[in-house]
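For reference, the structure discussed in these notes is given below.
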Amino acid sequence: MIDRNAPVGVFDSGVGGLTVAREIMRQLPDERIIYFGDTARVPYGSKSKDTILRYSRQIIRFLRTKEVKAIVIACNTATALTLDIVAAESDIPIIGVINAGAKTAVESTRNGRIGVIGTEATIGSGTYTEVMKKMKPGIQLVEEGWLHDPVTDEIASRYLSVLKEKYIDTLVLGCTHYPLLRSTMRRLMGEEVTLVNPAYETAIELRGLLAERGMSRDPFAPFAGA
């Protein structure tokens with residue numbers, strides 16, 4: 001039986017996934033989190049599916065040694081390339097950062113034109129397109145694979161201008177680093193474009209999952225060592 005008071009494991013290719021961890025702490029303040037940032041092997045976006053799958057399995061094995069009750073893949077690239085595989089291999093829930101953000105984008109769009117920005121691997125996988133098309137077949141997606149550059153106003157403007165020309169009304173921030181640039185993107189895209197932060201949406205999905213399975217932490221349970 002899974003201990004409802006066990007921690008939740010969260011991992012990313014580096015520190016970007018801390019935006020997801022932050023949202024989990026905000027939305028599920030009673031939960032404990034064990035975060036793994038694979039800074040030794042970042043970035044994931046330029047690596048092959050087989051390599052990312054190997055990394056993900058290694059990290060999941062490590063988190064299992066910490067007796068986590070669920071795992072959040074706080075990395076769009078790893079979610080896109082490995083979630084279906086590692087979730088099927090696991091006896092504890094494993095979720096990623098794509099489905100929840102995709103669902104919100106589909107529900108938010110008014111004109112059916114949705115933009116997605118992410119790593120080349122995330123965009124190249126076609127996962128966002130596949131997930132959103134299943135939810136709403138008639139939507140039009142405009143996807144941009146950002147290079148692994150420091151994102152300045154000039155670089156952001158260059159990529160986002162392509163999306164603006166397609167008259168999107170919803171933009172998915174398909175990389176865990178991008179919520180840190182939300183104010184820049186808001187200024188460049190304008191108030192008429194809805195920005196979807198998958199980090200927030202994933203935290204909400206996790207909260208619902210734990211509640212549904214009776215796995216939410218007892219708020220009165222002592223923390224380890226207390």
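Cα convex hull of the stretch 1-97: how many Å³ per residue?
84 Å³
Output needed: percent of Cα pairs per 5 Å distance bin for the stretch 68-220, bins running from 0 to the one holding the longest distance.
Going from the shortest bin to the longest, the percentages are 2, 9, 18, 22, 19, 13, 8, 5, 3, 0, 0.
Exposed loop chymotrypsin sites (Phe, Trp or Tyr not before Pro) only (DSSP loop, at most 16 other Cβ atoms within 10 Å): please give the longest stretch of the chain free of them, not including the sites.
Within the chain, the longest run free of exposed chymotrypsin sites (Phe, Trp or Tyr not before Pro) spans 1-166.
Which of PHE223, LEU195, MET135 sits closest to the plus end of the dipole of the stretch 107-226, meaning its Cα is farthest towards the positive end, when Lys and Arg get +1 and Asp and Glu get -1 on the C-beta?
The Cα lying farthest towards the positive end belongs to MET135.
Long-range amide H contacts for ILE168: which residues qualify at under 5 Å (H placed 1.01 Å from N, peptide plane, sequence gap of 5 or more or a different chain)?
none
Could you sort GLU120, GLU143, GLU154 by their accessible area in this structure, using a 1.4 Å probe and putting the largest first?
GLU154, GLU120, GLU143
If ligands, DNA and RNA are left out, what is the accessible area of LEU188 with a 1.4 Å probe, given in Å² to the nearest 10?
Its accessible surface works out to 40 Å², give or take rounding.
Find which of GLY124, MET185, LEU171 sits farthest along the positive direction of the dipole of the chain, computed with +1 on the beta-carbon of Lys and Arg, -1 on that of Asp and Glu, about the Cα centre.
GLY124
For the full complex of protein chains and a 1.4 angstrom probe, list GLU201, GLU89 by accessible area with the highest value first.
In descending accessible area the options line up as GLU89, GLU201.
Can you tell me what percent of all Cα-Cα pairs in the stretch 42-154 are more than 21 Å apart?
Within the stretch 42-154, distances greater than 21 Å cover 43 percent of Cα pairs.
In terms of solvent-accessible area of protein heavy atoms at a 1.4 angstrom probe, what is the ranking of ILE204, ILE94, highest value first?
Reading off the accessible areas and sorting them downward yields ILE204, ILE94.
Checking the a/c ratio against 1.5 first, then a/b against b/c, what shape does the Cα gyration tensor give for the stretch 157-226?
Cα axes put the stretch 157-226 in the prolate bin.
Count the net charge of all other residues whose Cβ sits under 9 Å from the Cβ of MET135, scoring Lys and Arg as +1 and Asp and Glu as -1.
Once all neighbours under 9 Å are counted, the net charge is +3.
If the cut-off is a Cα-Cα distance under 24 Å, which lysines reach LYS134, setting aside same-chain residues fewer than 8 apart in sequence?
Once the sequence-local lysines are set aside, what remains near LYS134 is LYS49, LYS103, LYS166.
Mind checking the dipole of the stretch 1-137: about its Cα centre, +1 per Lys or Arg Cβ, -1 per Asp or Glu Cβ, Debye to the nearest 20?
Around 240 debye, computed over the stretch 1-137.
Amide H to amide H, which residues 5 or more places from VAL116 or on other chains are under 5 Å from it, using H placed in the peptide plane?
VAL142, GLU143, GLU144, VAL172
The values are calculated or read from the model by the stated rules, or taken from the named source; none is laboratory data. Note that the structure is predicted; figures quoted are calculated from it, not measured. Here the Cβ is made from the backbone with ideal geometry for all residues, glycine too, and neighbour counts use every protein chain on show. Please note that ligands, DNA and RNA were not included when accessible areas were found on the heavy atoms of the full protein model with its side chains. Shrake-Rupley method; radii C 1.70, N 1.55, O 1.52, S 1.80 Å.
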